1. Say we look at the range 1-25 and pick out the residues that are within 14 Å of the chain's Cα centre (by Cα) and over 20 Å from Gln50 (Cβ atoms); which of these is surrounded by the most Cβ atoms within 10 Å (Cβ to Cβ)?
2. Can you tell me which residue within the range 68-100, out of those that are in a strand (DSSP E or B) and not β-branched (Val, Ile, Thr), is surrounded by the fewest Cβ atoms within 10 Å (Cβ to Cβ)?
3. When both residues are 6+ apart or on different chains and their Cβ atoms are under 9 Å apart, which pairs have a first residue that lies in the range 41-64 and is on the phi > 0 side of the Ramachandran plot, and a second that is more than 16 Å from the ligand (Cβ to nearest atom) and of a type in the set (Ser, Thr, Tyr)?
4. From the residues in the range 77-98 that are within 16 Å of the ligand (Cβ to nearest atom) and under 16 Å from the mean Cα position of the chain (by Cα), which one is nearest to Ile55 (Cα to Cα)?
5. Based on this model, can you work out whether Leu35 counts as under 11 Å from the mean Cα position of the chain (by Cα), away from the ligand (no atom under 16 Å from the Cβ) and surrounded by fewer than 17 Cβ atoms within 10 Å (Cβ to Cβ)?
6. Between a first residue in the range 68-88 that is without any contact (Cβ under 8 Å) to a residue 60 or more places away in the chain and a second residue that is part of a strand (DSSP E or B) and of a type in the set (A, V, I, L, M), which pairs have beta carbons less than 9 Å apart while being 6 or more apart in sequence or on different chains?
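No lab work stands behind these numbers, since they all come straight from the coordinates. The structure displayed is predicted, hence computed values, not measured ones. Every residue, glycine among them, receives a Cβ derived from its backbone with ideal geometry; neighbour counts consider all protein chains shown.
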Amino acid sequence: MEHTHRQKIRQLLMEGPHSLRDLSTTLRLSEKEILRALPHVEKSLRSLNQRIHHIPAECPSCGYEFTDRRRFTKPGKCPLCHHTAMKPPSFHIASARSGS
Ligand SMILES: [Zn+2]
């Protein structure tokens, strides 16, 4: 049931930041399914004046933050130090007015 998935994703993101993998593990859905549902979740938030805020992916080696990246998936490697085990981005739902 796609619709229920969206509601659950929305609920989790309202509780606090989750990465794609967190959502996938908690809801027992594939990351692909989550990625497919997220645009619909985002769309349903507009009328509530809320949106999905991104907490950027980060390089654990040099601290580089992927601030310009708006994707939900994890970057492959750091452009600065070429480290490959990036900390994944996470996201949460908040009012469209609050920063970030
Ligand atoms: Zn780095």
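1. Within the range 1-25, the match that is surrounded by the most Cβ atoms within 10 Å (Cβ to Cβ) is Ser24.
2. Going residue by residue through the range 68-100, those that are in a strand (DSSP E or B) are 87, 90-95.
Applying the additional criterion that residues be not β-branched (Val, Ile, Thr) yields 87, 90-92, 94-95.
Numbers: Lys87: 18, Ser90: 20, Phe91: 22, His92: 16, Ala94: 17, Ser95: 12.
Of everything passing the filter in the range 68-100, Ser95 is surrounded by the fewest Cβ atoms within 10 Å (Cβ to Cβ).
3. Asn49/Ser95
4. Kept after step one, since they are within 16 Å of the ligand (Cβ to nearest atom), are these residues of the range 77-98: 77-89.
So of that shortlist, the ones also under 16 Å from the mean Cα position of the chain (by Cα) come out as 86-89.
Values: Met86: 13, Lys87: 11, Pro88: 9, Pro89: 6 Å.
Ranking the qualifying residues of the range 77-98, first place goes to Pro89.
5. Working: under 11 Å from the mean Cα position of the chain (by Cα): yes; away from the ligand (no atom under 16 Å from the Cβ): yes; surrounded by fewer than 17 Cβ atoms within 10 Å (Cβ to Cβ): yes.
Against the criterion (under 11 Å from the mean Cα position of the chain (by Cα), away from the ligand (no atom under 16 Å from the Cβ) and surrounded by fewer than 17 Cβ atoms within 10 Å (Cβ to Cβ)), Leu35 qualifies.
6. Listed by first residue and then by second, the contacts come to Phe72/Ile52.
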